[in-house]
1. If we keep just the residues of the stretch 77-99 that are surrounded by 17 or more Cβ atoms within 10 Å (Cβ to Cβ) and assigned to a loop (DSSP other than H, G, I, E, B), which is modelled with the lowest pLDDT?
2. Go through the stretch 88-138 and count every residue that is of a type in the set (Val, Ile, Thr) and more than 21 Å from Arg49 (Cα to Cα).
3. Considering the stretch 71-109 alone, what residues qualify as being of a type in the set (Ser, Thr, Tyr) and touching a Pro at 6+ places or on another chain (Cβ under 7 Å)?
4. When the stretch 119-155 is examined, which residues are found to be part of a strand (DSSP E or B) and either under 10 Å from the mean Cα position of the chain (by Cα) or without any contact (Cβ under 8 Å) to a residue 40 or more places away in the chain (or both)?
5. Determine the pairs where a residue that is charged (D, E, K, R), located within the stretch 75-98, has a partner that is at pLDDT below 90 with Cβ atoms under 6 Å apart, the partner being 6 or more residues away or on another chain.
6. Could you grab me the full set of residues in the stretch 39-74 that are without any contact (Cβ under 8 Å) to a residue 60 or more places away in the chain, surrounded by fewer than 16 Cβ atoms within 10 Å (Cβ to Cβ) and either closer than 28 Å to Ala130 by Cα or touching a Cys at 6+ places or on another chain (Cβ under 9 Å) (or both)?
7. Please verify whether Glu47 is at pLDDT below 85, more than 19 Å from Leu147 (Cβ to Cβ) and among the acidic types (Asp, Glu), treating the condition exactly as stated.
Amino acid sequence: MRILELAGCLLAGALMIPLAAQEPVLPEFLAAALLKHIQFLAGEELEGRRAGTPGERRAAEYVARELEKSGVKPFPPAQRFQSFDLPAPASQAPLKSQNVLGWIGGSGKGHEDEVIVLGAHLDHLGITAAGLHPGAEDNASGVAVLLEVAARLQASASAFSSSSCRRSPARPGTSNTSSTASRRIGNTASRPAPSGKNG
């Protein structure tokens, strides 16, 4: 199966309307939608969305609600969340995190085995000795773009199937990587996403 992986931030250009050469600008309604997502995800009440914390779980639930509003279905057959354990010292119980999955079926003949995987990590540093780290740029903005791209893909006919995956975590010391997520989701396009911490 040929996998086409596109980073969410690189798709921002697809959402822009060029007024002149090299002067793209976001339409007002889209700018407002992106800002709404970022303001929630980087809000103080989520406490920086550190992986495995209630703030990260609330953020994941927000992403799931937004996918539902856009009509993006769960990963087949009906998997919206994919839970996994975070790495932890042997003396500590592992913390839980989860991926949020979405699926937009393609309609083009000859593309049945081709999947575009869109992914963005949602966790951030949380609260440290230095204070609260809201994570607007890392990576609330990327998640906001992913949500709006998913909404527009859902609203338009697409030849390719598209798997939208909010991955977590992306902090040092963890094992979740873009290439792993792409292989796992891309190679199981007609089956439930596999269990495990690398999803």
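1. Here the residue is Leu86.
2. Count: 4.
3. Residues of the stretch 71-109 that are of a type in the set (Ser, Thr, Tyr), as a first pass: 83, 91, 97, 107.
Result: Ser97, single match.
4. From the stretch 119-155, those part of a strand (DSSP E or B) are 119-121, 124, 126-128, 131-133; that's our starting set.
Selection gives Gly119, Ala120, His121, Thr128, Gly131.
5. What qualifies is Asp85/Pro94; Asp85/Lys197.
6. Scanning the stretch 39-74 gives Gln39, Glu45, Pro54, Glu61.
7. On the way: at pLDDT below 85: no; more than 19 Å from Leu147 (Cβ to Cβ): yes; among the acidic types (Asp, Glu): yes.
Criteria not met by Glu47.
The values are calculated or read from the model by the stated rules, or taken from the named source; none is laboratory data. Quantities reported herein were computed from a predicted structural model and do not represent experimental measurements. Here the Cβ is made from the backbone with ideal geometry for all residues, glycine too, and neighbour counts use every protein chain on show.
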